[in-house]
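The values are calculated or read from the model by the stated rules, or taken from the named source; none is laboratory data. None of these values were measured; they are calculated from a predicted model. Virtual Cβ from ideal backbone geometry, glycine too; neighbours counted across all protein chains shown.
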Amino acid sequence: MSDIYDDSARARVERQIDEWLAVMRLHNETIVAIDRGEVDEYRWYLRMRGVEKEFTTIWITLGQRTLRYETYVMPAPEENAVQLYESLLRRNEKLVGAHFSIGIEDAIFLRGELPLSALNEPELDRVVGTLYQTVEQVFQGLLRIGFASRFAE
């Protein structure tokens, strides 16, 4: 079993994440905002401007053993659900450190987590980049499957 990070170790990781995200924002013009959760929460919100999807928000949550991350991709499909879910499952095969899942109200999310022992600045950058790029690559195609009649000519 992995070690539980005590309060001081967790506070150190929290400061590192704050610093790493600030550096990311300086070097990445797609990041338009970085916000924090409530005072007693170890949570960050990265709002990123996209091309295929206007905005993608990535939620990052620091736990006692892991860093969890997720982004909302799209609402539940109105049609072609089987085809859409098959597409997502096939895409899961190619993803590293993230997976598509069904969340609240059957919406589609992209989620993952990693042990804190594996967390460093390049890994956090990879996580953010993977979620952002994956959403950009799949968003329009998924909409065209799940809401096909809205795209019919």
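Filtering segment 41-54 for residues that are within 29 Å of VAL13 (Cα to Cα) and modelled with pLDDT under 95 leaves a non-empty set. Scanning segment 121-149 for residues that are more than 17 Å from MET48 (Cβ to Cβ), in contact (Cβ under 8 Å) with a residue 24 or more places away in the chain and part of a helix (DSSP H, G or I) yields GLU121, GLY141, LEU142, LEU143, ILE145, GLY146, ALA148, SER149.
Checking segment 32-45 against the condition returns no match, with no residue being among the β-branched types (Val, Ile, Thr), under 26 Å from GLY103 (Cα atoms) and within 13 Å of the chain's Cα centre (by Cα).
Give the residues of segment 68-83 that are within 19 Å of the chain's Cα centre (by Cα) and of a type in the set (A, V, I, L, M), sorted by residue number.
Within segment 68-83, VAL73, MET74, ALA76 meet the criteria.
If you go through segment 61-93 and pick out every residue that is assigned to a helix (DSSP H, G or I) and touching a helix residue (DSSP H, G or I) at 6+ places or on another chain (Cβ under 9 Å), you end up with 6.
Please verify whether ILE34 is at pLDDT 95 or above and in a helix (DSSP H, G or I), treating the condition exactly as stated.
no
Can you pull out every residue in segment 85-111 that is surrounded by 13 or more Cβ atoms within 10 Å (Cβ to Cβ) and either under 12 Å from VAL135 (Cα atoms) or among the hydrophobic types (A, V, I, L, M, F, W, C) (or both)? Result: LEU88, ARG91, LEU95, ALA98, HIS99, PHE100, ALA107, ILE108, PHE109, LEU110, ARG111. Taken together, the criteria place ALA11 among residues that are out of contact with any strand residue (DSSP E or B) (no Cβ under 9 Å at 6 or more places or on another chain) and not in a loop (DSSP other than H, G, I, E, B).
Yes or no, residue by residue, for (1) surrounded by fewer than 14 Cβ atoms within 10 Å (Cβ to Cβ); (2) of a type outside the set (Phe, Trp, Tyr); (3) within 22 Å of LEU116 (Cβ to Cβ):
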site	(1), (2), (3)
ARG10	no, yes, yes
ARG15	yes, yes, yes
LEU21	no, yes, yes
LEU26	yes, yes, no
GLU41	yes, yes, yes
ARG47	no, yes, no
THR56	no, yes, no
ILE60	no, yes, yes
